[in-house]
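This report concerns only the one structure given below.
The values are calculated or read from the model by the stated rules, or taken from the named source; none is laboratory data. Since the model is a prediction, treat every value here as computed from it, not as a measurement. Please note: Cβ atoms are built from the backbone with ideal geometry, for glycine as well, and neighbour counts cover all protein chains shown. Surface accessibility is based on the protein's heavy atoms, side chains included, excluding ligands, DNA and RNA. Shrake-Rupley method; radii C 1.70, N 1.55, O 1.52, S 1.80 Å.
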Amino acid sequence: DGGITQSPKYLFRKEGQNVTLSCEQNLNHDAMYWYRQDPGQGLRLIYYSQIVNDFQKGDIAEGYSVSREKKESFPLTVTSAQKNPTAFYLCASSIVARHYEQYFGPGTRLTVT
Amino acid sequence: AQTVTQSQPEMSVQEAETVTLSCTYDTSESDYYLFWYKQPPSRQMILVIRQEAYKQQNATENRFSVNFQKAAKSFSLKISDSQLGDAAMYFCCLKSTTQGGSEKLVFGKGTKLTVNP
């Protein structure tokens, strides 16, 4: 079955540590996205990539970094510079020409204490 | 800047009845898309329905339909014959163009729908 996987579902880290969230897709989509979701808020775009080895900052990129070395993978690193990292993180992918039709992964809940 | 506003943080409906979720938006673009996404307790986002702004006809997907009022910049979602499985957060969403020319989605804050048996 084609889809997007994010692991783990729950992640706990100590403050000051960098942590990397994984996102893998086998839909053959060129575009991939990372969103952050806080309680009572909609999704906010962190980073997106439309092609391998290229990515763009979204609305809230500060304190985050990404890489896109393979078409299937778009890992997100939450660095110690991110002031409020505890949140729910969603990864998505799409065909570039139909970027609005995004397929979402199940998400990762990150808790930093 | 493009914005999406959902004024109803929570809504409830009796099973088998109809409910309408409201959404207003603002955009300076003439050609755009609007969407409703559903996020059930599993937290995975699911595309429910989409509307192209250039189309006058309201989109329909089975029990889900929209009332698209372009002049009023309103995009409400109607769920008919509500089912327990419809209980979820519903997000209204607008396709937007970034300063760099790329396209992205702008989400509202969501409406939590409860379906009562």
Item to complete: Taking B:Ser42 as meeting all but one of (1) within 12 Å of chain A (Cβ to nearest Cβ); (2) in a strand (DSSP E or B), write down the number of the exception.
Response: (2)
Discussion item. Can you go through B:Ser96, B:Ser74, B:Ser42 and tell me which one is farther than 15 Å from B:Thr111 by Cα and surrounded by 20 or more Cβ atoms within 10 Å (Cβ to Cβ)?
Written reply: B:Ser96
Item to complete: Return the residue satisfying two criteria in turn: it lies in the range A:17-44 and is open to solvent by 30 Å² or more (accessible area, probe 1.4 Å) and either at pLDDT below 90 or closer than 18 Å to A:Gln56 by Cβ (or both), and of such residues it is nearest to the chain's Cα centre (by Cα).
Response: A:Arg44
Worksheet item: Does A:Val52 satisfy being crowded, with 18+ Cβ neighbours inside 10 Å and more than 10 Å from every other protein chain (Cβ to nearest Cβ)?
Response: no
Item to complete: Taking B:Thr27 as meeting all but one of (1) within 23 Å of A:Ala31 (Cβ to Cβ); (2) within 13 Å of another protein chain (Cβ to nearest Cβ); (3) touching a residue at least 60 places away in the same chain (Cβ under 8 Å), write down the number of the exception.
Response: (2)
Fill in: Among residues of the range A:69-90, those that are out of contact with any Leu (no Cβ under 7 Å at 6 or more places or on another chain) and either modelled with pLDDT under 95 or surrounded by fewer than 21 Cβ atoms within 10 Å (Cβ to Cβ) (or both), counted
13
Worksheet item: Name the pairs: first residue in the range A:90-112 and more than 9 Å from chain B (Cβ to nearest Cβ), second residue open to solvent by 10 Å² or more (accessible area, probe 1.4 Å) and basic (Lys, Arg), Cβ to Cβ under 6 Å, at least 6 apart or on different chains?
Response: A:Val112/A:Arg13
